[in-house]
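Trainee: This is the structure I have questions about; it appears just below.
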Amino acid sequence: MQTGSDELNVELACLEVRGQVYGVDVQQVREIVRSQTLTPLPRAPELVEGVIDLRGAIVPVIDLGRALGGEPVAHGAEARIAIVEVDGLAFGLRADAASDVLAVTGSDVQSPPALVAQAGYDAIRAVVRRPGQPPVLVLALEAVLESVYRSGLRGSSRPRASGA
């Protein structure tokens, strides 16, 4: 996603996590479904909560709250799972709610603040200004996926449970 160009028109699927709105480029979103019971995967990376069976396809699900370094999302009636695709890999992002699709022009899109970028925080690709409302943080799904990979590496150093 480029920033600052007036010609740029992007649509963002908006997901809410703990009151903060995050945007995902709709071109990366396959669909958004109601949250459902997950089947846990033994020894999966710690950020992978489990899998769902979505019309015959097994899809791993990541809790977006935990992936962004916070608390897990609520399991309320409004919870949703956004099925996204990055580099041919499909996975779900569980969020507290899905709000709407936001059409964005380039003049409303800015790069993340320099301090954030220099500190190595790469989960946010851009920030969308909205007059009279809090900004929308545009997720870099590649970075979210990378955090899942890193959580798997950390988990591989954990002691294994011994069988009897």
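Read-outs throughout are calculated quantities, based only on the coordinates presented, and are distinct from any laboratory measurement. Since the model is a prediction, treat every value here as computed from it, not as a measurement.
Trainee: Multiply the residue separation of E11 and R55 by 0.36 nm, subtract the distance between their alpha-carbon atoms, and state the gained length in nm to one decimal.
Mentor: Extending this stretch completely gives an extra 13.2 nm.
Trainee: Give, in nm to one decimal, the length gained when the segment between T39 and A74 is fully stretched (0.36 nm per residue of separation minus the Cα-Cα distance).
Mentor: Difference between extended and current length: 10.9 nm.
Trainee: Could you calculate the contour length gain from Q20 to S111, that is, 0.36 nm times the residue separation minus the distance between their Cα atoms, to one decimal place in nm?
Mentor: 31.0 nm
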